[in-house]
1. Would you mind working out the accessible area per residue for the stretch 86-133, using a 1.4 Å probe, and quoting it in Å²?
2. Keeping every protein chain present and rolling a 1.4 Å probe, give me the accessible area per residue for the stretch 179-334 in Å².
3. Carbon and sulfur: what percent of the chain's accessible surface (1.4 Å probe)?
4. Over the chain, with a Gaussian network built from C-alpha contacts below 10 Å, which listed residue (Ser135, Ser180, Ser38) shows the highest mean-square fluctuation?
5. How much of the DSSP beta bridge set in the chain is antiparallel, as a percent to the nearest 5?
6. First obtain the Kirkwood hydrodynamic radius of the stretch 1-134 from its Cα pairs, then insert it into the Stokes-Einstein equation at 4 °C and 1.567 mPa s, and state the resulting D in µm² per second as a whole number.
7. Using the beta-carbon distance between Asn89 and Ser171 and R0 = 22 Å, what value does 1/(1 + (r/R0)^6) give for FRET efficiency, to the nearest 0.05?
8. Can you tell me the convex hull volume per residue for the stretch 55-109, based on C-alpha atoms, in Å³ to the nearest whole number?
Amino acid sequence: MAGIELRDVSKRWGKFTGVDRFDLTIRDREFLVLLGPSGCGKTTTMRMIAGLEEATEGDIIIGGRRVNDLDPKDRDIAMVFQSYALYPNMSVYENIRFPLKIRKVPAAEHEARVRRAATMVELTEFLDRRPSELSGGQRQRVALARAIVRQPAVFLMDEPLSNLDAKLRVSTRAQIKNLSHELKVTTIYVTHDQIEAMTLADRVVVMKRGLIQQVGTPTEIYDRPANTFVASFIGNPAMNLMNGTITDGVFQADNVRIPGLDAIDGPVTLGFRAEDAAVAPVGQIAAPVYTMELLGDATMITVRAGGALVAVKAAKDFRVAIDDRVDIAVPPGICHLFDSTTGERLY
Ligand code: ATP
C-alpha cells in the first residue's frame, strides 16, 4: 500500500512561496498528473515528495508513514527525469542493474529482474549496447527500466518525455500508460503538456503560481473547468472566452447575442469550446473572419467577437475568406459561465 497524503504542504524561500498549502490524498496505484505552466510549483511539489527539497510546512505521508524527516533513499520511491543521466561507460544491462547493486539486492535475483524490466520497455535486444549507441527514445526507456527494476512503491516522473521528438513522445507516452497499468504502482507525473495529462492521468491537478486550481479526472476538468485559468489551459485550442453582459437571460457582447441562458443578470465571462460550436446559416455569433487554418480533419475558423478571437471547428472542406462574415451556432447548452472578476465558474 503506498497512497500518498500531502497535508497543507508549503514551500517558501524567504518571502516567496513556491508551493502554497498543497493538500491532496493520492490513492494507492493512482496515476496522478501535476499540470501547469512553467514555474507553477510542479517540480517543487515532486521534489518535496522525493525528499530532495524540505517542506517548509505540512506533512508528507507515504504508505501511512510521515516521511518529512526520512532521507530520499529511505522513501521507497523511484524517479525518472527529463535528463535521464545514464552511465555512459556501462552497458544498458549494467545501467538497469545499477539500483539493485546499490540497494544490495542479492546477486542471484539481478538477471531475472533486469530482463523483466527490459522486456517491459522493449529493450531486450539492446542490453549489450552503450547509451551512446541508442536513440533518445531508447535511452529514456533505459531510464524507465532502471526505475522499474527497483519495484518501488511510488514512481515520480518529471517531464520524462520532453527531450523526445513528437512521434517518440506519443509512442513512449503510450508505453508509460501501459506500464503503469501493468506495474500497479502509485505514480506522480509532472508535465506542462495538457495532452500528456489528459491521456495518462487517472486524475489531474492543475496548478498556477503554487496553488492548486482544480483536481479531477481528465473528463471532469475538460467538461467543467473550475475557473477561466483551467478553461484556457485544457483543450486544444483553448476554450473561447468572451466578456459581456447578461440581461434577462441574454448574453451580449460585440457581434454576439446568445439568448436562453439560465443565469443572473450582470457582467460575465462566457466560454465555449471550438469543437462544440458550428458554422451555421444563422448563429448567435455573426462576425468577420480573422484566420482560417486547415487541420486535415477539420478547418479551424477564427473570428473577432466579444472583444476576443473566437475559434470554431468547421468541416474539413469549409472555405471562407478573411474578413468575410460567418455565423456561428453557439446554443446556450454549450456555454460555460465564469465570474468576470474572479474567473471562478458560476454554475
Ligand atoms: P517548470 O515547468 O518550468 O519546471 P515548475 O512548475 O516545475 O516549472 P518549480 O520548479 O516547482 O516550477 O518552481 C516553482 C517556483 O519556485 C518558481 O517560481 C521558481 O522560480 C521557484 N523556485 C524554485 N526553486 C527555487 C529556489 N531554490 N529558490 C527560490 N525559488 C525557487
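The values are calculated or read from the model by the stated rules, or taken from the named source; none is laboratory data. None of the values given here were measured: they were computed from a predicted structure. Positions of Cβ are generated from backbone atoms using ideal geometry, with glycine treated the same way; all protein chains shown enter the neighbour counts. Keep in mind that these areas ignore ligands, DNA and RNA; they rest on the heavy atoms of the full protein, side chains included. Shrake-Rupley method; radii C 1.70, N 1.55, O 1.52, S 1.80 Å.
1. On the way: 2950 Å² over 48 residues.
Dividing the accessible area of the stretch 86-133 by its residue count gives 61 Å².
2. On the way: 7050 Å² over 156 residues.
Value returned for the stretch 179-334: 45 Å² of accessible area per residue.
3. Numbers: 8100 of 16570 Å².
Ligands and nucleic acids excluded, carbon and sulfur give 49 percent.
4. Between Ser135, Ser180, Ser38, it is Ser135 that shows the largest mean-square fluctuation.
5. 75
6. Values: Rh = 17.2 Å.
Roughly 75 µm²/s, to the nearest whole number.
7. On the way: r = 28 Å, r/R0 = 1.29.
That pair, Asn89 with Ser171, gives E of 0.20.
8. Numbers: hull volume 7.2 nm³, N = 55.
Expressed per residue, the convex hull around the Cα atoms of the stretch 55-109 is 131 Å³.
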